[in-house]
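Below is one structure, written out as structure tokens, with a few remarks after it.
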Amino acid sequence: MSLNVLIIDDEEFLRRSLADFIEDLDHRPHLAANGQEGLRALAAIHPDFVFVDLNMPVMDGYEFIARARETAPELPIVVLSGVGLVEDAMRAVRAGAWDFIPKPVTDFAVLEHTLTKNLERARLLRENREHREHLEEMVRIRTAELERTRLEVVHTLGKAAEYRDNETGNHVIRVGNTAAVLAAAVGLSERRCELLRNAAPMHDVGKIGIPDSILLKPGRLTPEEWEIMKTHTRIGYEILTPSDAQGPDDLCGLAQAPASDAPNALLALARTIALYHHERWDGTGYPCGLVGEAIPVEARIVTVVDVYDALGSERTYKEAFDEDTCRRILREGTGTHFDPRVIEAFFANIDAVMAIRRNWRD
Ligand SMILES: [Fe+2]
Ligand SMILES: [Fe+2]
């Protein structure tokens with residue numbers, strides 16, 4: 001293969017004789033008289049190999065090497081150094097040169113060997129980088145695939161839970177999207193908002209474990225039935241707990257949202273929400289009776305969004321309320337059922353909330 005070889009030296013005779021050597025090896029020599037010309041040639045012809053002198057007018061070899069390295073880390077640069085000036089050669093190597101050969105260059109074999117050796121080094125560097133880039137690309141693709149699969153599983157699970165009284169599955173999408181809007185409004189980080197968007201749809205996954213006779217009962221539930229209905233929070237928590245994880249004995253003792261950078265943060269948050277989305281601000285909710293800010297904020301947000309959305313939707317046991325009634329119920333529940341700060345965020349973002357309702361209509 002014929003290579004572009006850049007020769008930078010202020011001595012014309014040396015340039016010429018080196019160029020002859022290069023031509024004899026079937027490569028194409030390009031000549032420059034100082035570092036500055038060398039940099040121009042570098043940008044213009046993208047050489048495969050560079051020989052550079054050290055002491056030159058205008059721009060010396062050290063500066064050329066340092067500057068060339070900024071844009072061409074894998075380019076073989078070999079210094080032509082005067083005999084006995086090992087110190088200079090070492091300084092050039094520190095600046096980024098790979099090798100040096102003593103001047104005058106009289107031995108064809110030495111030149112050829114230097115070329116071959118440094119081209120090999122360049123090849124290895126390039127292959128190594130390409131291999132690394134390929135691996136990184138593979139990891140990126142696989143990670144994206146995993147993430148997609150995980151989200152699909154999550155949404156399917158959420159849909160399955162609400163399928164019996166909300167066949168389109170849009171309720172859980174509205175809840176996720178609206179929760180993300182409110183989360184941003186109360187100041188949660190972008191990452192936590194995204195986690196919430198994807199975790200919130202699983203809030204009622206525990207309903208899978210509630211018998212149809214109770215879940216689909218058109219009339220009022222008896223107190224016993226109601227107690228069973230309430231267990232969907234704990235069942236949801238358990239469904240979302242990995243089978244190899246040892247659950248805590250007291251679920252109510254761990255009322256805090258997981259760190260958003262924790263491994264499996266999505267499932268952990270979904271678990272938290274499943275467990276606490278029926279807590280109430282004044283402490284009269286279930287299953288734990290947590291009060292105020294002891295309830296994780298993500299769960300407080302889902303509570304508001306879920307109630308609002310359910311009020312405005314038709315269910316087996318009820319008609320849809322009109323928008324005014326839904327909003328009035330939210331206002332009336334502020335400070336008792338709902339976190340006032342979340343309600344404030346809700347009304348401050350009512351346009352975005354309504355847009356989500358429109359886009360994901362049943
Ligand atoms: Fe629920
Ligand atoms: Fe729901």
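The values are calculated or read from the model by the stated rules, or taken from the named source; none is laboratory data. All figures in this text were calculated on a predicted structure; none of them were measured in a lab. No Cβ is skipped: glycine too gets one built from the backbone with ideal geometry, and neighbour counts run over all protein chains shown.
A few remarks follow.
- Any hit, the stretch 311-320, residues being surrounded by fewer than 20 Cβ atoms within 10 Å (Cβ to Cβ), in the same structural domain as D250 (by TED's automatic domain parsing), modelled with pLDDT of 95 or more and out of contact with any Gly (no Cβ under 6 Å at 6 or more places or on another chain): no
- Counted residues, the stretch 98-116 - those being touching a Phe, Trp or Tyr at 6+ places or on another chain (Cβ under 9 Å) and of a type in the set (A, V, I, L, M): 4
- Residues being in a helix (DSSP H, G or I) and in contact with a Ser or Thr (Cβ under 7 Å, 6 or more places away or on another chain) - total across the stretch 184-241: 4
- Hits in the stretch 310-353 (condition: of a type outside the set (D, E) and assigned to a loop (DSSP other than H, G, I, E, B)): G312, S313, T316, Y317, A320, F321, G333, G335, T336, H337, N349
- Some residue of the stretch 195-205 being more than 16 Å from ligand 2 (Cβ to nearest atom), closer than 29 Å to V353 by Cβ, crowded, with 17+ Cβ neighbours inside 10 Å and not basic (K, R): yes
- The selection criterion, being among the hydrophobic types (A, V, I, L, M, F, W, C), under 30 Å from the mean Cα position of the chain (by Cα) and in a helix (DSSP H, G or I), does not hold for V307.
- With respect to being touching a His at 6+ places or on another chain (Cβ under 7 Å), touching a residue at least 12 places away in the same chain (Cβ under 8 Å) and outside the structural domain of I273 (by TED's automatic domain parsing), E162 fits the description.
- Residues that are more than 20 Å from the chain's Cα centre (by Cα), within 16 Å of ligand 1 (Cβ to nearest atom) and of a type in the set (D, E) occur at least once in the stretch 164-179.
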